[in-house]
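Participant: The following block contains the structure, expressed as structure tokens.
The values are calculated or read from the model by the stated rules, or taken from the named source; none is laboratory data. Just so you know, these numbers come straight off a predicted model, no measurement behind them. Positions of Cβ are backbone-derived with ideal geometry, glycine not excepted, and every protein chain shown enters the neighbour counts. Accessible surface areas use protein heavy atoms only, side chains included; no ligands, DNA or RNA. Shrake-Rupley method; radii C 1.70, N 1.55, O 1.52, S 1.80 Å.
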Amino acid sequence: MTNILDDYALMSPLRHRNNWLKLAIVLFGLLAGISSTSPVTPLFIAFCMGFTTVALGRAPLKLYLKLLLAPLGFAVTGVLIIALFSGSGQELLSFKLMGYSVLLRKDGLELALLVLSRSLSGMCCLYFLVLTTPMIELFAVLKATRLPESFIELSMLIYRYIFVFLGMAISIRYAQTVRLGYSSFSRSLRSLGMLGSTLFIRSWEQGDKLFLAMNSRCYDGKMTLFEVHRPVRVPELLLTSAYFLLTLALLYLTKNASIV
Amino acid sequence: MHIMEGFLDTPWWQLWFAVSIPAILYGIYKMNKLVKEKREILPLLAVAGAFIFVLSSLKLPSINGSCSHPTGTGIAAIIFGPAISAVLGTIVLLYQALFLAHGGLTTLGANVFSMGIIGPLVAYLIYKAGMKANLNFYAVVFLATAFGDWATYLITSAELALAYPAGDVLTLGGFLSSFEKFALIFAVTQAPLAIIEGAVSALLFKYVVNVKSDILVEMKVIEASVVRKLRGIPA
């Protein structure tokens, strides 16, 4: 929980590139990945995004691999269910498990692999955005869209206070741990309840102070942001368009391909 | 329980966005009205959102070794009501996708529907019904949070089953058979998780009532007479 990805984004050299370009790359990758019908295109996207994040964005490789493994639990469970219970085609494998007869079918396996590759490409796109673009830059982008003002304002304030409370939660947790607050199951429940309530009360007081501080500085529901103007450079544009074209070509070529 | 990025196929992720967006807009409308009435509410909402995020990033003690996090939206629903919880839940889910890689951007609509809309709604309804029936406040909090979590998990299973029905074509039988499997397997982690989160939430409210109950009275979560009864002070 100490691992907030934003810290890495602040150090990334890609931080100083055009935000809209990065956003376009990510959205394109997400949409192309989700609409592909074979695992080839998502894997290509995953590779490109991963390479860009690690090689150009200077994200630590070890951290990157650890991040990719993090949501694996959900992915594997979901994919296994899809593989074992969907499909209606040719059977590849069948066995009995706790009274249930389990069938692995050809199209079920294919679908499962497709879903797995799509999640992988989606994760890589997200990590590209997260590890190269600090949230502060994204707020400027959000302001330019036509989302409700109060929604963006609320997001910015929440963003600020996440760090305040996270620090608070971590130090409380340390204090509880060294006093053996998490040594047994019932104790951990109690400690967690205390931690939550202290956090709640403190955040409430903080909210009152925040209102006072902002009010005395003439807050009228709008915070103005300074957006740095960063023109898109030619090499970036060329690389991006090459990537887009290649992905689209691959998407078209592997339309009916099957790998099982 | 978050649905991962890329897990939902083309008609489904758009569909869940289409379902969720009106609810979020309604929440924003309610929020704007509230902020206009009481200007000091916006910073409070902000810290509440941050509180939910931090709460949901804490690891719960687990029975079966799985890594589980509370949703935290049940508490928000009890304090702010379901409409505003939907807005807070959306922002929190967005940050979870971006900072912790829980959930994703295309699946945000589906996750908002299950965790930001239905879960809080169920928790809120149970809370209101329980308080009306004059049950013990902590028991009601426990039930509201636990059932809110279970509702979230059932909706998530349904979302997955709709996208991946058994037998490839969406029929009622295929949906039900697939739903049963998703629900059964995720129940291993989700059923105890909801009970633990309910217990932690009840404890949380217990400490808040003991230390700073005026917050809850001020937000009209519970009445002053209930607080007096809970703390054993004669009226």
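Participant: If I model a spin label at A:His16 and A:Phe185 as a point 7 Å from the Cα along the Cα→Cβ vector, what separation in nanometres do I get?
Facilitator: 5.5 nm
Participant: What are the chymotrypsin sites (Phe, Trp or Tyr not before Pro) within the stretch A:162-260 that DSSP puts in a loop, where the Cβ has at most 14 other Cβ atoms within 10 Å?
Facilitator: Counting only loop positions with at most 14 other Cβ atoms within 10 Å, the chymotrypsin sites (Phe, Trp or Tyr not before Pro) in the stretch A:162-260 are A:Phe226.
Participant: What are the semi-axes of the equivalent ellipsoid of the stretch A:1-42, taken as the square roots of 5 times the eigenvalues of the Cα gyration tensor, listed largest first and rounded to whole Å?
Facilitator: Taking √(5λ) for each eigenvalue gives 26, 15, 8 Å, largest first.
Participant: Also, quick follow-up: From the cross-link list A:Lys222/B:Lys212; A:Lys22/B:Lys30; B:Lys30/B:Lys128; A:Lys22/A:Lys66, which pairs have alpha carbons spaced over 28 Å apart?
Facilitator: Check vs 28 Å cut-off fails for A:Lys222/B:Lys212; A:Lys22/B:Lys30.
Participant: A follow-up question, please. How big is the protein assembly as shown in terms of Cα radius of gyration and Dmax, in angstroms?
Facilitator: 23.4, 78
Participant: Please list the helices of chain B that count as membrane-span-like by this rule: a mean Kyte-Doolittle hydropathy of at least 0.0 together with Cα atoms stretching 27 Å or more along the helix axis, each helix being a complete DSSP H run.
Facilitator: Those that clear 27 Å and a mean of 0.0 are B:10-37, B:137-163, B:172-218.
Participant: As I understand it, the dipole of chain B uses +1 on the Cβ of Lys and Arg and -1 on the Cβ of Asp and Glu, about the Cα centre. Which of B:Val112, B:Gly6, B:Leu203 lies farthest toward its positive end?
Facilitator: Among B:Val112, B:Gly6, B:Leu203, the one farthest towards the positive end of the dipole of chain B is B:Leu203.
Participant: Still on this structure, I have one more. Beyond 24 Å, how much of the Cα-Cα pair distribution for chain A remains, as a whole percent?
Facilitator: That tail contains 64 percent of the Cα-Cα pairs.
Participant: Taking Cα atoms, how many degrees apart are the long axis of helix A:19-35 and the longest axis of chain A, rounded to 10 and kept between 0 and 90?
Facilitator: Approximately 40 degrees, to the nearest 10.
Participant: Can you tell me the dipole magnitude for the stretch A:145-228 around its Cα centre, using point charges on the Cβ only (Lys, Arg +1; Asp, Glu -1), in Debye to the nearest 20?
Facilitator: In debye, rounded to 20, the stretch A:145-228 gives about 460.
Participant: Next up: Which value, in Å² and to the nearest 10, is the accessible area of A:Asp7 when all protein chains are kept and the probe is 1.4 Å?
Facilitator: About 80 Å², ignoring ligands and nucleic acids.
Participant: So what is the relative contact order of the stretch B:10-231, in percent, for Cα pairs below 8 Å that sit 6 or more residues apart?
Facilitator: 20 percent
Participant: As a test of reading the structure, rank B:Ile24, B:Ile126, A:Ile45 by solvent-accessible area (1.4 Å probe, protein chains only), most first.
Facilitator: Result of the area sort, largest leading: B:Ile126, B:Ile24, A:Ile45.
Participant: Then there's this: Express the C-alpha Rg of the stretch B:161-235 as a ratio against the empirical globular expectation 2.2 N^0.38 Å, rounded to two decimals.
Facilitator: My calculation over the Cα atoms of the stretch B:161-235 gives 1.90.
Participant: For helix A:72-85, what angle does its Cα long axis make with the longest principal axis of chain A, in degrees from 0 to 90 and rounded to 10?
Facilitator: Helix A:72-85 sits roughly 30 degrees off the main axis of chain A.
Participant: Now, a different point. When only the heavy atoms of the protein chains count and the probe is 1.4 Å, how do A:Leu27, A:Leu157 rank by accessible area, highest first?
Facilitator: A:Leu27, A:Leu157
Participant: What residues qualify as long-range amide H neighbours of A:Arg105, i.e. H under 5 Å apart, gap of 5 or more or another chain, H built at 1.01 Å from N?
Facilitator: So A:Arg105 has HN proximity to A:Leu92.
Participant: I'm a student and want to see the number: the projected area of the Cα convex hull of the stretch A:119-260, averaged over all directions, in nm².
Facilitator: Mean projected area of the Cα convex hull: 15.9 nm².
Participant: Mind ranking B:His69, A:His229 by accessible surface for me, highest first, 1.4 Å probe?
Facilitator: A:His229, B:His69
Participant: Can you figure out the FRET efficiency of B:Ser177 with A:Leu142, using R₀ = 45 Å and their beta-carbon distance, to the nearest 0.05?
Facilitator: 0.60
Participant: Longest exposed-loop-site-free stretch of chain A, with trypsin sites (Lys or Arg not before Pro), DSSP loop and at most 13 other Cβ within 10 Å?
Facilitator: Excluding the exposed sites themselves, the longest stretch runs over A:1-145.
Participant: Moving on. For chain A, take the longest principal axis of its alpha carbons; what is the angle in degrees between that and the long axis of helix A:185-215, to the nearest 10 within 0 to 90?
Facilitator: Rounded to the nearest ten degrees, it is 60.
Participant: Using modelled amide H (1.01 Å from N, peptide plane; none on Pro or chain starts), what sits under 5 Å from the amide H of B:Thr106, excluding residues fewer than 5 places away?
Facilitator: Counting only residues 5 or more places away or on other chains, the set is B:Gly6.
Participant: May I pose another question? Set Lys and Arg Cβ to +1 and Asp and Glu Cβ to -1, take the dipole of the stretch B:10-231 about its Cα centre, and tell me which of B:Leu172, B:Gly103, B:Ala48 lies farthest positive.
Facilitator: Positive-end residue among those listed: B:Ala48.
Participant: Next question. Hey, with R₀ at 51 Å, roughly what FRET efficiency would A:Tyr252 and B:Ala187 work out to, going by the Cβ-Cβ distance, to 0.05?
Facilitator: In this case the efficiency is close to 0.75.
Participant: Rounded to the nearest 0.05, what FRET efficiency do A:Lys66 and B:Met219 have when you use their Cβ-Cβ distance and R0 = 51 Å?
Facilitator: Given R0 = 51 Å and the Cβ-Cβ separation, E is 0.80.
Participant: How big is the convex hull of the Cα atoms of chain B, per residue, in Å³?
Facilitator: Per-residue hull volume (Cα only) is 129 Å³.
Participant: Considering the convex hull of the alpha carbon atoms of the stretch A:27-72, report its projected area averaged over all viewing directions, in nm², one decimal.
Facilitator: 3.6 nm²
Participant: Can you give the charge dipole size of the protein assembly as shown about its Cα centre, rounded to the nearest 20 debye, using +1 on the beta carbon of Lys and Arg and -1 on the beta carbon of Asp and Glu?
Facilitator: About 1040 debye.
Participant: If you project the alpha carbons of the stretch A:145-228 onto the principal axes, what extent comes out on each, in Å, largest first?
Facilitator: Principal extents (Cα only, largest first): 49, 28, 22 Å.
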